[in-house]
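Notes to accompany the following structure.
Bear in mind these aren't lab numbers, they're just calculated from the coordinates by the rules spelled out. Just so you know, these numbers come straight off a predicted model, no measurement behind them. Heads up, the Cβs are rebuilt from the backbone with ideal geometry, glycines too, and the neighbour counts pull from every protein chain shown.
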Amino acid sequence: MKRRSVGAAVVLTIVLGFGLLGCGNSNTGTEGSSANKETETTSSAETTSNSVNYPKKDIEIVVPYAAGGSTDMVARAFAQVLSNYLPNNVNIAVVNVTGGNNIVGTQEVYSANPDGYTIGCIAAAPLSIVPLYGETEFTHDSFETIAQVTSIAQVLAVSANSEWNTIEDVITYAKENPNAFTYGVGGKTNVSNLALSYLMMQEGVQMKSVVYNGNSEVLTAFLGGHVNAYTGAATDIKEYVESGEAKILLNMGSVVEDFYADATTMEDLGYESVGDAYTGFIAPPDTPDEIMEILETAFEKAMEDETLLATYANIGIQPVFLNRAEFQELISQTFERNKEVLKYLGEIE
Amino acid sequence: MDIIVSVLQNLFSLQALLVLVLGSAVGMVVGTIPGLSASMGVALMLPFTFGMEASYGVLLLVSVYCSSIYSGSISAILINTPGTSASAASMMDGFSLTKQGKARQALDISLNASIFGGIFSGVLLLLLAPQIAKAALTFGPPEYFALGVLGLSIIAGVSDEGLLKGLILGGFGFLISTIGIDPVSGIYRYTFGNSNLTAGIDSVSAMIGLFAISEMFNQLEIGAKRMVQAVKVDNEGIGMRKMKPYVPTMLKSSVIGSIIGAIPGTGSAIAAFMAYRQAKASSKHPEEYGKGSLEALSAAESAKNAVTGSAMIPMMTLGIPGDAVTAIMLGGFTIQGLAPGPQLFEKSPILVYTIMIGFLLANIVMMLEARVAIKAFSKISNISNHYMIPIVMACCVVGAFAINNNLFAVKIALIFGVMGYILPKLGFKNLVPILIALILGPIVEQNFSRSLVLSDGGFGIFFTRPLSLIILLIAAGSILLGLRKKK
């Protein structure tokens, strides 16, 4: 009797496992992608009429980044205020789905129901860098872009008492000592890695990248003197620049904040500004236009919200807005440029 | 002096006490339920802190953190299912004690040792934060590698039934840890085109499967009415005074826990296992370890909670998270407009001291709440299996889902559950080496790669740096000692 019940349990578990295995990976993914999902799959059918009653229930923002990071904070900042700009006063929840260079969370948005109740908050890498490796289902223009909401400049910083005072010093050093200068970066496919690789490509120099898991690990390594330079979001190193321990030598992006107003920019060096980790919101492919318009307008209006702007100031970022079409254009442009850099590095064919 | 007065005024206000009591309660519930981790609890509370004053918001997160790390042991002890990975080391002895009818004692030791560890690291936080932070920074890739190797050497100490079996399981765990995108090279390993696998196998889902779900299968097989057979139940508690014989063990373990916690990127689970190993090596009764040794329990418990205070050291002094939970807390700080880092101490000393002393208070509040709860908790073992098994299975499924809001983790947990049920039948009774290797594998491998990048491929880097050399020697010594004792 006991053997049979155990056997039954194990068999049931295996069946359950296979059942889940079968259902979970489909593109039309209606399972488990959002905790708030009710069984209203008829909502997409209803939106064919002109007046759309959206949103009718809570909206979920999927963040493919860890809680507490800068993208997550941007998503939370919007989650706080967005419902004021949408009809029906619904709740907005932030859900973190991490892993695999942001692929897991981005894939979840890709496979979600295109009914406007699941949207994603992403930075540049998942759409303009990661798909170049050819292992993802989605690519740079697979999603319906909603809007860009900020841009976090990626910078290169060295210790305040190091021998390098300008980025030119670094480049000269790298020319004379190929592969000796080490810089930490939070991920192989991070914007800062691509941006610096682009610079190396243009200048014809070689520096060593030491790849960590996220900007805070890079910061730790940098502070401990294990790498020569920190590359990553300006926001993460702000404290150390202000306290005088670090100096930012290069601003790889186009956004300038007070604490690195003097830093050389890529444009100063004569190159394109490639180091902008633009952050924005996306929706699953084929989300109906009416819903997209409602979302786009809501985000545009939310950009003026006082609470939001205060949170932005706390995080240390600036509001930068691009609408649907412009945002997609930006993503595709950077995608093409990144393709060149990766080809140069021999990462892709 | 005025700082101290303001701090005390902050802390002994009604709002502060309310926050501490609430946070501890929430943390205790979240920590106990298998699958709901400490980081989940803290992330859940994060939105509540937005409306609060900065110091109270942080205190809320801190108290959730402490109590959820502690309470993972409650379920580890009572139903052989760690509530958080940190409690995996307490499971072996804790549950054995429950089976002997000594659940109450196990729970008491767990609480007392946790408080000891927590307060120990809290005092370190208060007195030595900047210095410890500076020391922690000296750990570079070779040192992390060495630390990981030291952690893996624990496998030698944990496999009672032979080093070979432990190594096989450890190797298996290590292999599984390679699944996913390798961060350093960007290569996709064993992902089979499945986007969910790019993230690798999460150690929490593996843990839920290997230890919780498999235990439920075991219980079904045994077919008993309840988890614990009708042994004479010893309800005599262990108060603080009776803890005296365990103090040396707890001290050593708290030191280990505090060191591990202060090093960014490690965690409570590693600390607990290391302390367990160290305590066993220096114990007068090592043969009891794994079979219900109160001393072993005190070692694992104090180490794991000692991580909570010291993980806040790099967070507050450097703005770098010590582990996953402090990463979330860091976000909480930032949204409040605070910037942890070198300037926090100068700009907002009152806030900083409020948090540090508040941490100590949180431990005390937790102790008081837990004392009350323990009396009720120890009765859990009496619940009939008819209820226990479905409830625990349900919690496991929910918990696994909650890890990443993704059903995939549930599938992983189920697979590991079946594995955890079958492996003992093949002769592998102790599955802990799989978990250790799964957690430590990435640390060892990634830092090995990084070290070689830095040294241009030269292996000397591990031996020319004094710190990594020392740690590697300790690891070698630990392994040799383990082998010698077997003879």
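Observations
- The magnitude of the dipole of chain B, with charges of +1 and -1 set on the Cβ of Lys/Arg and Asp/Glu and taken from the Cα centre, is near 1240 debye.
- Assigned charges on the beta-carbon of Lys, Arg, Asp, Glu; region A:153-265 dipole about Cα centre (debye): 420
- Taking trypsin sites (Lys or Arg not before Pro) across region B:395-473, the ones in a DSSP loop with at most 16 further Cβ atoms lying within 10 angstrom of their Cβ are B:K429.
- Centroid-to-centroid, using Cα positions, region A:61-99 and region B:1-59 are 22 Å apart.
- Applying the criteria of a DSSP loop state and at most 12 other Cβ atoms within 10 Å to the chymotrypsin sites (Phe, Trp or Tyr not before Pro) of region B:1-99 yields B:F12.
- Between B:R189 and B:G180, B:I181, B:D182, the built amide H atoms are under 5 Å apart, and every one of these is 5 or more places off in sequence or on another chain.
- Cα centroids of region A:143-187 and region B:300-370: 30 Å apart.
- Neighbour-count order for A:M200, B:M40, fewest beta carbons within 10 angstrom listed first: A:M200, B:M40
- J(HN,Hα) series, region B:182-197, from Karplus relation 6.51 cos²θ - 1.76 cosθ + 1.60, nearest Hz, glycine and proline x: 6, x, 6, 9, x, 7, 8, 10, 6, 8, 6, x, 9, 4, 5, 6
- Separation between Cα centres of region A:208-266 and region B:249-266, rounded to whole Å: 30
- For chain B: rounded, prolate or oblate by the Cα gyration tensor [a/c cutoff 1.5]: rounded
- Farthest towards the positive end of the charge dipole of the protein assembly as shown, among the residues B:S478, A:M200, B:N10, is the Cα of B:S478, using unit charges on the Cβ of Lys, Arg, Asp and Glu.
- CD proxy at 222 nm, helix term only [per DSSP H run n ≥ 4: -39500 (n - 2.57); per residue of the protein assembly as shown; nearest 500]: -19000 deg cm²/dmol
- Stokes-Einstein D in µm²/s, Kirkwood radius over Cα pairs - region A:153-265 at 37 °C with 0.692 mPa s viscosity: 242
- Antiparallel DSSP beta bridges within region A:153-265, percent to nearest 5: 55
- Beta bridges per DSSP with both ends in the protein assembly as shown, % antiparallel, nearest 5: 60
- Taking each of A:K238/B:K134; B:K375/B:K425; B:K99/B:K284; B:K252/B:K291; B:K225/B:K375 in turn, the alpha-carbon distance tops 25 angstrom for B:K375/B:K425.
- Taking other Cβ atoms within 10 Å as a rough exposure proxy, B:R241, B:R104, B:R189 sort from fewest to most as B:R241, B:R189, B:R104.
- In terms of other Cβ atoms within 10 Å, B:I187, A:I152 run from fewest to most in the order B:I187, A:I152.
- Cα gyration tensor shape for chain A, rounded if a/c is under 1.5, else prolate or oblate: prolate
- Tensor-based shape of region A:214-349 (alpha-carbon gyration tensor, a/c under 1.5 rounded, otherwise prolate or oblate): oblate
- Loop-located chymotrypsin sites (Phe, Trp or Tyr not before Pro) in region B:244-332, at most 15 other Cβ atoms within 10 Å (DSSP): none
- For A:K339, a cut-off of 12 angstrom between C-alpha atoms picks up these aspartates and glutamates, skipping any fewer than 8 places away in its own chain: A:E347, A:E349.
- Within a straight-line Cα-Cα reach of under 16 Å, A:K56 can be paired with the following lysines, leaving aside sequence neighbours fewer than 8 residues apart in one chain: A:K37.
- Of all DSSP beta bridges in chain A, antiparallel share, percent nearest 5: 60
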